[in-house]
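The values are calculated or read from the model by the stated rules, or taken from the named source; none is laboratory data. Computed from a prediction, not measured in an experiment: that's the story for all the values here. Counting neighbours? That spans all protein chains shown, and the Cβs are built from the backbone with ideal geometry, glycine included. Only protein heavy atoms, including side chains, enter the accessible area calculation; ligands, DNA and RNA are left aside. Shrake-Rupley method; radii C 1.70, N 1.55, O 1.52, S 1.80 Å.
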Amino acid sequence: MKFFLDTADIKQIEEIAAMGLCDGVTTNPTLIGKAGQDFEETIKKIASIVDGPVSAEVLGKSAEDMVTEARDIAKWADNIVIKIPMGKEGLKAIKTLSKEGIKTNCTLIFSVAQGLLAAKAGATYISPFIGRIDDIGQDGMELIENLRIVLDNYGLETEIIAASIRTLAHFEQCALVGADIATVPSDVFSKLWDHLLTDVGIARFDKDWEDYQNSLK
Ligand code: E4P
């Protein structure tokens, strides 16, 4: 499974990229707003740091507007992927862009039908939102499992970016059910390397070493 960072925070991206753990980045208008920087500058900067796909979302509502925005954004760097919201207009835009060789990430996927339609339209990636499905009392992970089955059933090459990841358990389940990518916010990312027993183990090794050194005196 590839690891994407779900943030527009340049410092966080630089840190995780330097660790060799950032295969790509996803952004959305909320995350760009939180970062508080100019959209174009932020995306160009991220694309220069990351050796992998960087998703930037369009805001147009008609297919024509989405395609116009996408063509412009796609010129900012070679590794940019255009994030297109699911819907009839989004599907039309994805079809046009895929014919032009512009990579797309169909976002706001909440059902198998939506994921299948986006894949058939030619989306490079689909982004099912786990956490937001859990928020309404349903099982977000089940959607990832079902999309995996459906894409495999028909040999569709569209990759699943498991999005709206809120917990370590979400991340681990994504790997178990075969999501191609998990896009992880930085607060969850920093939990991936932590474990209480690791901390206890280090403390015990330190103490045992200290006791041993004292015994030599
Ligand atoms: C990523 O592409 C999505 O925009 C993001 O994961 C949404 O996460 P949220 O539901 O926590 O806002």
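The local environment of residue 155, defined by Cβ-Cβ distances under 14 Å, has a net charge of -1 under the rule Lys, Arg +1 and Asp, Glu -1.
Overall, segment 2-215 carries a charge dipole of about 880 debye about its Cα centre when +1 sits on the Cβ of Lys and Arg and -1 on the Cβ of Asp and Glu, all other atoms neutral. Between the helical axis of 112-121 and the longest alpha-carbon principal axis of the chain there is an angle of about 60 degrees. Run the accessible area of the chain with a 1.4 Å probe and give the carbon-and-sulfur part as a rounded percent. Answer for the chain: carbon and sulfur cover 53 percent of the accessible area. Compared with the dominant principal axis of the Cα atoms in the chain, helix 196-216 is inclined by about 30°. Here segment 159-217 and segment 1-41 have alpha carbon centers that stand 21 Å from each other.
Note on residue 92: aspartates and glutamates with a C-alpha under 17 Å away, same-chain residues under 8 apart excluded, are 57, 64, 65, 69, 100. The residues of the chain expose, per residue, 53 Å² of accessible area to a 1.4 Å probe. Sorting 56-63, 149-156 by their mean Cβ neighbour count within 10 Å, with the most densely packed peptide first, gives 56-63, 149-156. May I ask you to work out the translational diffusion coefficient for segment 2-215 at 37 °C, viscosity 0.692 mPa s, via Stokes-Einstein with Rh from the Kirkwood sum over Cα pairs, reported in whole µm²/s? Calculated translational D: 181 µm²/s.
The GluC sites (Glu not before Pro) of segment 105-193 that DSSP puts in a loop, and whose beta carbon has at most 16 other beta carbons within 10 Å, are 157. Sequence-distant contacts, meaning Cα pairs under 8 Å at least 6 residues apart, place the relative contact order of the chain at 16 percent. Partner aspartates and glutamates whose Cα lies under 18 Å from the Cα of residue 11, excluding those fewer than 8 positions away in the same chain, are identified as 23, 38, 40, 41, 51, 187.
Relative to the longest principal axis of the Cα atoms of the chain, helix 140-153 runs at roughly 60 degrees.
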